[in-house]
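Undergrad: So that we are looking at the same thing, I have put the structure below in structure tokens.
Read the figures in this text as sums done on the coordinates, not as results from a lab. Remember, it's a predicted structure, so these values are computed and weren't measured experimentally. Cβ placement follows ideal geometry from the backbone for every residue including glycine, while neighbour counts extend to all protein chains displayed.
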Amino acid sequence: MTDTGGTGGGTGGGRYGLTNRQGHPVYDNQNQRTVGARGPATLENYQFLEKISHFDRERIPERVVHARGALAYGYFEAYGKVGDEPIERYTRAKLFQQEGKRTDVAVRFSTVIGGRDSAETARDPRGFAIKFYTEDGNWDLVGNNLAVFFVRDAIKFPDVIHALKPDPVTFRQDPNRIFDFMSMTPESMHMLVNLFSPRGIPADYRHMQGFGVNTYKWVNQQGDTVLVKYHWMPKQGVRSMTEEDAAAVQAHDLGHATKDLYEAIERGDFPEWELLVQIMSDDEHPELDFDPLDDTKVWPENEFPALPVGRMVLNRNVSNFFAENEQIAFGTGVLVDGLDFSDDKMLVGRTFSYSDTQRYRVGPNYLQLPVNQAKNADIRTNQRDGQMTYFVDTGGESPHINYEPSLLDGLRESDYATPDEQGPVISGRLTRKRIPRTNDYVQAGQRYLLMEPWEQDDLVRNFVSALTQCDRRIQERMVWHFLMVEDDLGLRVGEGLGIEPQDVAHLEPLPGQDLTEEDRNRLAKLG
Ligand code: HEM
């Protein structure tokens with residue numbers, strides 16, 4: 001074989017000379033080592049065995065959800081205020097403080113249900129996850145393009161995902177399974193009205209909004225907390241596709257959204273989003289007809305305006321899809337000083353799930369990989385060893401002291417710069433109860449009424465076409481829910497399925513369903 005000479009890799013491995021991972025030159029990459037030209041092969045053939053066995057391990061488990069995605073890099077630039085007020089009044093998080101301050105970001109957009117090579121035209125929520133590499137360590141804001149979610153308690157997440165994923169026998173996504181689950185889950189109506197509208201198929205990743213969905217907290221220098229919701233608005237505008245648009249795109253491209261993002265960045269047409277927050281005082285808000293910790297609800301913008309706090313620009317593509325897009329790991333537990341969790345029951349469940357799955361999917365040292373490292377902060381831990389340890393972050397002078405406290409050397413606890421007690425005092429009995437004020441229909445109805453007529457038509461068409469494939473009992477229960485959401489929606493979907501309101505009048509509320517006065521009036525109308 002040709003050896004181009006040079007310095008690296010020992011005797012034969014020059015600058016362009018192929019070597020194996022041990023640095024041994026590869027003189028023949030075409031033929032295994034055999035006894036005579038026709039074999040048999042020898043087992044001591046290290047070069048061949050290394051090549052094949054590494055290839056055998058090229059795949060890692062794909063993400064259990066959000067398997068298909070696209071990653072890009074850029075920066076977040078702070079406005080230094082929230083609306084017209086100084087932002088320090090609400091949060092001490094450093095990345096937001098000075099106007100013009102830039103923080104490096106990595107952003108991964110994704111679809112949820114399909115596998116790693118599935119179509120990007122699916123009717124499916126889109127993931128919108130941002131890693132901010134701040135000087136105080138990383139902050140991950142792991143959101144979606146739709147403002148609400150299907151369920152409000154993390155214990156239901158595996159069920160909703162099983163219903164949405166392919167059938168375990170036929171391996172086909174099946175509306176009968178999806179709507180079977182949803183028909184028994186009234187809290188999903190708000191999400192369904194969004195997902196089956198044109199917003200359920202964004203035109204691409206550059207033309208969609210992002211939402212934190214769950215409720216978080218901000219903490220100021222004095223330890224005062226507020227509840228916040230995050231929104232990303234694309235400067236490019238919002239564009240969506242109908243089923244027909246999506247079918248036409250899918251006929252020639254399964255990865256149009258990844259391609260669109262990559263090519264826009266390559267040609268210097270950098271996509272940009274503005275970050276806005278809604279703020280609420282940190283209490284239960286009994287005056288509202290919903291719970292601020294319920295992720296199936298939006299906060300009305302006339303009462304809680306969305307206030308701009310900064311903008312984000314994406315200006316660089318990945319240099320290796322696997323190392324960066326496949327191995328990046330986001331999680332809702334990854335917060336910096338000045339940001340905090342709320343007691344949103346989805347958020348706390350998510351916070352366990354992400355790092356748990358990443359230790360399995362990528363490995364216990366996934367945070368040592370370049371794309372996951374807190375590259376703009378100092379990292380000094382006493383974590384040691386485990387598979388694929390890449391470096392050891394020794395603390396003091398002595399590499400012997402990998403524990404704390406020590407009289408001799410090693411790391412010391414950081415000083416608290418700020419009070420460690422914050423937020424309201426909470427007390428209660430241990431219990432398993434749904435939150436009060438579930439109010440599952442009203443916001444779904446408001447959303448329907450806010451849609452333009454063509455969006456309502458599209459929504460009704462999409463519901464009818466999916467429900468046509470479902471068991472009659474599921475169709476009837478869904479029409480019952482839609483009549484509770486808004487008369488017009490229930491009547492129109494019912495008409496498409498040949499179901500009159502009186503056909504569903506015999507249906508009782510679901511076990512444990514928490515109906516409001518307005519819901520009961522709607523129910524009475526059915527009879
Ligand atoms: C990815 C769990 C709800 C947004 C994931 C992954 C898991 C997961 C296990 C795969 C992570 C990985 O392999 O790296 C959960 C659980 C939830 C939940 C248990 C509810 C209890 C949500 C909600 C949103 C969301 C409400 C939107 C606000 C995302 C996004 C990703 C993701 C964007 C992809 C992150 C990436 O691009 O790598 N989720 N999730 N998830 N989840 Fe969730």
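Undergrad: Count the net charge of all other residues whose Cβ sits under 12 Å from the Cβ of residue 392, scoring Lys and Arg as +1 and Asp and Glu as -1.
TA: Neighbour charge sum, excluding residue 392 itself: 0.
Undergrad: Let me ask something additional. From a point 7 Å beyond the Cα of residue 184 in the direction of its Cβ, which residues of region 479-502 have a backbone N at a distance under 18 Å?
TA: 479-481
Undergrad: Report, as a whole number in µm² per second, the diffusion coefficient that Stokes-Einstein gives for region 221-319 at 10 °C and 1.306 mPa s using the Kirkwood radius over alpha carbon pairs.
TA: 93
Undergrad: Still on this structure, please answer the following. Please compute the contact order of region 124-258 in relative form: average sequence separation of alpha-carbon pairs under 8 Å and at least six residues apart, divided by the residue count, as a percent.
TA: Result for region 124-258 is 23 percent.
Undergrad: Give me the extension gain from residue 24 to residue 500: residue separation times 0.36 nm, minus the current Cα-Cα distance, reported in nm with one decimal.
TA: Between residue 24 and residue 500, full extension yields 163.7 nm more.
Undergrad: Sticking with this one: As a test of the formula, what do you get for the chain when each DSSP H run with n ≥ 4 contributes -39,500 (n - 2.57) and the sum is divided by the residue count, at 222 nm and rounded to the nearest 500 deg cm²/dmol?
TA: About -7500 deg cm²/dmol.
Undergrad: Give me the dipole magnitude in Debye, nearest 20, for the chain about the Cα centre, with unit charges on the beta carbon: positive for Lys and Arg, negative for Asp and Glu.
TA: With only Lys, Arg, Asp and Glu charged at Cβ, the dipole is about 1640 debye.
Undergrad: Starting with the fewest neighbours, write out 118, 197, 110 ranked by other beta-carbon atoms found within 10 Å of each beta-carbon.
TA: Working: 118 16, 197 23, 110 26.
Least crowded to most crowded, the residues run 118, 197, 110.
Undergrad: Among 304, 482, which comes first, second and so on when ranked by fewest other beta-carbon atoms within 10 Å?
TA: 304, 482
Undergrad: For a footprinting-style exposure proxy, rank 480, 139 by other Cβ within 10 Å, fewest first. Don't skip to the answer; put the middle values down first.
TA: Working: 480 27, 139 22.
Ranking 480, 139 by Cβ neighbours within 10 Å, fewest first, gives 139, 480.
Undergrad: How big is the gap, in Å, between the Cα center of region 254-326 and the Cα center of region 50-94?
TA: Region 254-326 and region 50-94 have Cα centres spaced 12 Å from each other.
Undergrad: Taking 8 Å as the Cα distance limit and 6 or more residues as the minimum spacing, I'd like the relative contact order of region 130-195 as a percentage.
TA: Reported relative contact order: 31 percent.
Undergrad: More than 15 Å apart: what percent of Cα pairs in region 406-459 qualify?
TA: When all Cα pairs of region 406-459 are counted, 77 percent exceed 15 Å.
Undergrad: Another question, if that's okay. With each label point set 7 Å from Cα along the Cα-Cβ vector, what nm distance links residue 162 and residue 379?
TA: The answer from the label model is 3.6 nm.
Undergrad: Could you give each residue of region 244-250 its phi-based ³J(HN,Hα) in whole Hz, using Karplus coefficients 6.51, -1.76, 1.60 with θ = phi - 60°, and x for Gly or Pro?
TA: After applying 6.51 cos²θ - 1.76 cosθ + 1.60, I find 5, 4, 5, 4, 5, 5, 5 Hz.
Undergrad: Please compute the contact order of the chain in relative form: average sequence separation of alpha-carbon pairs under 8 Å and at least six residues apart, divided by the residue count, as a percent. Mind dumping the intermediate values first?
TA: On the way: 969 pairs, mean separation 81.8, N = 527.
It comes to 16 percent, rounded to a whole number.
Undergrad: Could you order the peptides 201-210, 324-333 from most to least packed, using the average number of other C-beta atoms within 10 Å per residue?
TA: 201-210, 324-333
Undergrad: Just name one of 312, 403, 43: the one whose Cα is farthest towards the positive end of the charge dipole of the chain (beta-carbon charges, Lys/Arg +1, Asp/Glu -1).
TA: Of 312, 403, 43, it is 43.
Undergrad: Suppose we keep just the alpha-carbon trace of region 56-101; what are its Rg and Dmax in angstrom?
TA: Calculated on Cα positions, Rg and Dmax stand at 18.6, 57 Å.
Undergrad: Over 19 Å between C-alpha atoms is what I'm after, so list which of 94/217; 81/297; 259/375; 217/375; 156/297 land there.
TA: Violating the 19 Å limit, Cα to Cα: 81/297; 259/375; 217/375.
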